[in-house]
1. On a full-extension model of 0.36 nm per residue, what is the gain between Phe190 and Val214, subtracting their alpha-carbon distance, rounded to one decimal in nm?
2. For the range 187-240, report the translational diffusion coefficient in µm²/s to the nearest whole number, using Stokes-Einstein at 20 °C, 1.002 mPa s, and a Kirkwood Rh over Cα pairs.
3. Which length gain, in nm to one decimal place, applies between Thr82 and Val103 when the Cα-Cα distance is subtracted from 0.36 nm times their residue separation?
4. Which whole-number percent of Cα pairs in the range 243-298 have a distance greater than 16 Å?
5. Over every pair of different alpha-carbon atoms in the range 183-298, take the mean of 1/r and invert it; report that Kirkwood radius in Å.
6. How long, wide and thick is the range 129-205, going by the Cα atoms along their three principal axes, in whole angstroms, largest first?
7. How far, in nm, would the chain grow between Lys311 and Cys374 when pulled straight, counting 0.36 nm per residue and subtracting the alpha carbon separation?
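Every number in this text was worked out from the coordinates using simple rules, so none of it is lab data. For clarity, every value in this text was computed on a predicted model and none was experimentally measured.
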Amino acid sequence: MSHIWVLLFCVVTPTLAQYGDEQPPIEENPCNLVDCIPNTRCIVVNGEAKCVPLNGYGDKDCETPEPENPTCATVLCKPPTTCVLRPKNPGCRDNCPLEAACVIPVRSEPAIAPKRTYPPAQQKCPANEQFNECGSACEPSCKNPKPEFCTEQCVIGCQCKPGFFRNDQKVCVAKCSETSQQQCKANEQFTDCGSACEPSCKNPKPEVCTLQCVVGCQCKPGFFRNDQNACVAKCPGGGAGTCGLNEERKQCGTACEPTCANPNPGCTKQCIIDVCQCKQGYIRDANKKCIPVEQCPKDRIIPCSEMNCPKGTVCELGRVICPFVPPCFTRQTKCVPLTPEETCATKKCPPGTVCEQETIFCIRAPCPQPKPQCVKKG
């Protein structure tokens with residue numbers, strides 16, 4: 001009598017009912033990313049890959065409950081994925097049931113930064129100080145007890161408690177000593193946001209200035225800083241803003257004042273308001289003094305605008321050789337006799353030559369008149 005042995009295995013046959021309408025394609029099957037340990041196999045449940053024991057996992061009669069405390073010890077993920085424990089319900093926040101899952105690190109949820117405690121355990125504030133999560137960037141001090149201008153930023157750390165001020169020894173005190181506060185001179189006052197262009201005798205009304213705060217002592221309103229660095233109500237020589245020797249005040253001065261080194265500077269059409277500059281016929285030398293133009297060093301180039309040529313002569317730029325090695329060429333002004341313009345009609349050429357007007361390449365008007373020249377025939 002023969003016997004027939006029938007082996008029964010509990011298996012899971014995925015159906016559309018298990019997955020809903022979204023059956024994962026073979027190439028996108030989550031199990032392709034998971035290597036299960038021996039005696040387990042990978043199945044897809046609700047779109048997730050899970051490793052389950054081979055023995056007795058199938059229909060309801062063979063189904064074994066999932067472990068209450070899931071662990072990554074039974075899951076071997078294929079690179080580049082890694083096993084993480086995460087809430088089964090993505091919307092859960094507290095006391096959530098966990099599950100082990102293989103995820104790609106770059107697609108995983110961002111790490112939650114550990115909570116910080118204030119003040120940090122290792123940081124203790126000195127006496128009369130307190131820890132601030134968002135303190136002022138301009139802490140009140142003995143030198144500046146009431147800062148009015150400051151940047152909008154949070155400074156984390158220890159700062160003086162309200163009613164205390166930081167002194168020169170970096171200690172927070174309730175009352176500052178008289179010597180700790182900055183002592184200003186006569187006719188001065190302390191400011192925590194003064195002008196970078198303080199009114200002075202040379203420039204009593206500066207209108208062009210950088211936009212910045214200067215902390216320190218400055219002249220009180222109605223006073224001007226003189227050459228001795230003192231604040232005075234009346235500048236030497238008369239009213240506020242007396243100019244120096246051979247200078248005059250101009251309501252619209254040039255932004256590029258001529259100097260001996262650069263008598264004809266290229267410049268913008270910028271108007272410098274209410275400024276002292278050299279008088280007509282004077283020029284600023286290397287010592288910032290205004291001197292007569294003719295007293296500039298002789299090696300400078302005198303422009304034709306400054307040349308007073310005798311009657312019957314005109315000014316032109318000539319070529320001279322500089323006494324340097326190697327030789328260089330520069331231009332020097334000189335007065336030459338004024339002659340009527342010559343043409344081929346008046347020019348006499350030697351035998352074997354004819355008169356032709358020279359060719360001039362002019363870049364910018366006005367262009368010079370071509371000169372007649374004698375050239376060989378043919």
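1. Numbers: separation 24, 0.36 × 24 = 8.64 nm, distance 1.03 nm.
Computed gain between Phe190 and Val214 is 7.6 nm.
2. On the way: Rh = 11.4 Å.
Translational diffusion coefficient: 188 µm²/s.
3. Numbers: separation 21, 0.36 × 21 = 7.56 nm, distance 0.56 nm.
Length gained between Thr82 and Val103: 7.0 nm.
4. Values: 610 of 1540 pairs.
Cα-Cα pairs of the range 243-298 separated by over 16 Å account for 40 percent.
5. Numbers: mean 1/r = 0.0635 Å⁻¹.
This gives a value of 15.8 Å.
6. Result, largest extent first: 49, 30, 17 Å.
7. On the way: separation 63, 0.36 × 63 = 22.68 nm, distance 3.11 nm.
Extra length available between Lys311 and Cys374 comes to 19.6 nm.
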